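The values are calculated or read from the model by the stated rules, or taken from the named source; none is laboratory data. The shown structure was predicted, so the numbers you read here are calculated from the model rather than taken from an experiment. Here the Cβ is made from the backbone with ideal geometry for all residues, glycine too, and neighbour counts use every protein chain on show. The area values use the complete protein model at the heavy-atom level, side chains included, leaving out ligands, DNA and RNA. Shrake-Rupley method; radii C 1.70, N 1.55, O 1.52, S 1.80 Å.
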Amino acid sequence: MRRVDWRDLYASNRAVIERAHEAAGLSTPHTTIAAGRTRRTLVHTPAGGDPGTPRPLVCMLHGCTQDAATFAAATRMNDAADRHGFIVVYPQQERRENAQRCWNWFDARHQARGAGEPASIAAVVRDLVGTTTPWAVDPDRVFVAGLSAGGAMAAVMAAAYPDLFAGVAVHSGLAYRSAGSVRAAFGAMARGAREVGEIARPVPSIVIHGSDDRTVAPVNGEQVLAQSMAAEGLDPARPTSTTRGRVPGGHAFARSRWLDARGALRHERLAVEGMGHAWSGGLPGGSYTDPRGPDATAAIWSFFAEVGQPLARAALTC
């Protein structure tokens, strides 16, 4: 089978993606200066509803070679935001920070609270949480998600700012502090990390990964879950429930969920058989998408909506 060059695929479908940009209704460009960085973002507010009602917020971190607009189009998260009434913010990595626009999740300077890229992303989110125009944000329902390098940075954000995020989604990404250099990053991506950092206060997590991912080995998704569970006494090998299914004409998948002693959802894994390094169920022809998989965007929002419920949040903080 000929190896797919995702850059060529993206270029050939540029017109489709540009139309998706327009249909998605990307709204206000936003700029935040923090930790010595100017962070450009795109913010999407939901269609309809009362702007004065506090809304959930989802922070979406793109993968390498992507930008905020292509990631929004590829995931179709804005469509979900319009259906369910939440706000989406897309921070953008710049080429001056990384030539491939990767988040520098593997660099110790960008793995801690209050410094580097995590500080600038947190500042973007806090800017939006702290304003009431044009929409109010519910500070108890703020979430972070990402793909690939963005997934790895989402894991960093959850570890560094557990007080800011009520849940994290890591799609085709890596665990917190699974690498401390470029060389170690490539090793972890290929084979999994030799060791990962410890998490002081775990955040509810959903992990999505394809079994045929040749860019970030699926073992990394398992390490993301194990890292969080180690801090709260849950067993990755013993999910509370597992269901299986198949997308018509597409990939089979297994969905596992872990509940705590109170019955509150803590973690979820969506393992997609035969899928490579791509956003599951994304825009056909989009940047790093596989429309044959289950809808990752729907799964992520469903998870966030459940762990963000007041009773679930109360159980987590008792």
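Screening P56 against (1) modelled with pLDDT of 80 or more; (2) under 23 Å from P284 (Cα atoms); (3) not hydrophobic (A, V, I, L, M, F, W, C) leaves a single unmet condition, (2). Of the residues A305, A299, only one is in a helix (DSSP H, G or I) and closer than 13 Å to H171 by Cα; which? A299 is the lone residue from the list that is in a helix (DSSP H, G or I) and closer than 13 Å to H171 by Cα.
Per-residue answers, yes or no, for (1) of a type in the set (K, R); (2) under 25 Å from R257 (Cβ atoms); (3) open to solvent by less than 30 Å² (accessible area, probe 1.4 Å):
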site	(1), (2), (3)
V156	no, yes, yes
A159	no, yes, yes
F165	no, yes, yes
F186	no, no, no
R201	yes, yes, no
P204	no, yes, yes
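So for the range 169-189 (the condition being assigned to a helix (DSSP H, G or I) and under 17 Å from V207 (Cβ atoms)), does at least one residue qualify? Within the range 169-189 (the criterion being assigned to a helix (DSSP H, G or I) and under 17 Å from V207 (Cβ atoms)), the answer is yes, since at least one residue qualifies. Among the candidates S280, S256, S228, S241, the residue that is hydroxyl-bearing (S, T, Y), within 25 Å of C64 (Cβ to Cβ) and modelled with pLDDT of 95 or more is uniquely S280. Note on the range 124-142: residues that are open to solvent by less than 20 Å² (accessible area, probe 1.4 Å) and out of contact with any Leu (no Cβ under 7 Å at 6 or more places or on another chain) total 2. Scanning the range 90-123 for residues that are in contact with a strand residue (DSSP E or B) (Cβ under 7 Å, 6 or more places away or on another chain) and crowded, with 24+ Cβ neighbours inside 10 Å, we see that the one that is farthest from P54 (Cα to Cα) is W103.
Of the residues contained in the range 223-240, none is found to be in contact (Cβ under 8 Å) with a residue 60 or more places away in the chain, open to solvent by 20 Å² or more (accessible area, probe 1.4 Å) and among the hydroxyl-bearing types (S, T, Y). Screening R266 on (1) out of contact with any Pro (no Cβ under 6 Å at 6 or more places or on another chain); (2) open to solvent by 10 Å² or more (accessible area, probe 1.4 Å); (3) assigned to a strand (DSSP E or B) shows it passes everything except condition (1).
Taking the options A271, A298, name whichever one is within 16 Å of the chain's Cα centre (by Cα), modelled with pLDDT of 95 or more and surrounded by fewer than 19 Cβ atoms within 10 Å (Cβ to Cβ).
Numbers: A271 fails: surrounded by fewer than 19 Cβ atoms within 10 Å (Cβ to Cβ).
Of the residues listed, the single one that is within 16 Å of the chain's Cα centre (by Cα), modelled with pLDDT of 95 or more and surrounded by fewer than 19 Cβ atoms within 10 Å (Cβ to Cβ) is A298.
Inside the range 80-106, can you point out the residues that are within 15 Å of the chain's Cα centre (by Cα), touching a residue at least 60 places away in the same chain (Cβ under 8 Å) and within 19 Å of G282 (Cβ to Cβ)? Hit for the range 80-106 is A80, nothing else.
From the set of residues in the range 214-260 that are of a type in the set (K, R) and not in a strand (DSSP E or B), which is farthest from A296 (Cα to Cα)? Give the steps one after another, and end with the answer.
Looking only at the range 214-260, we keep the residues that are of a type in the set (K, R), and these are 214, 238, 244, 246, 255, 257.
Next, from what is left, pick out any that are not in a strand (DSSP E or B): 214, 238.
Numbers: R214: 19, R238: 23 Å.
Ranking the qualifying residues of the range 214-260, first place goes to R238.
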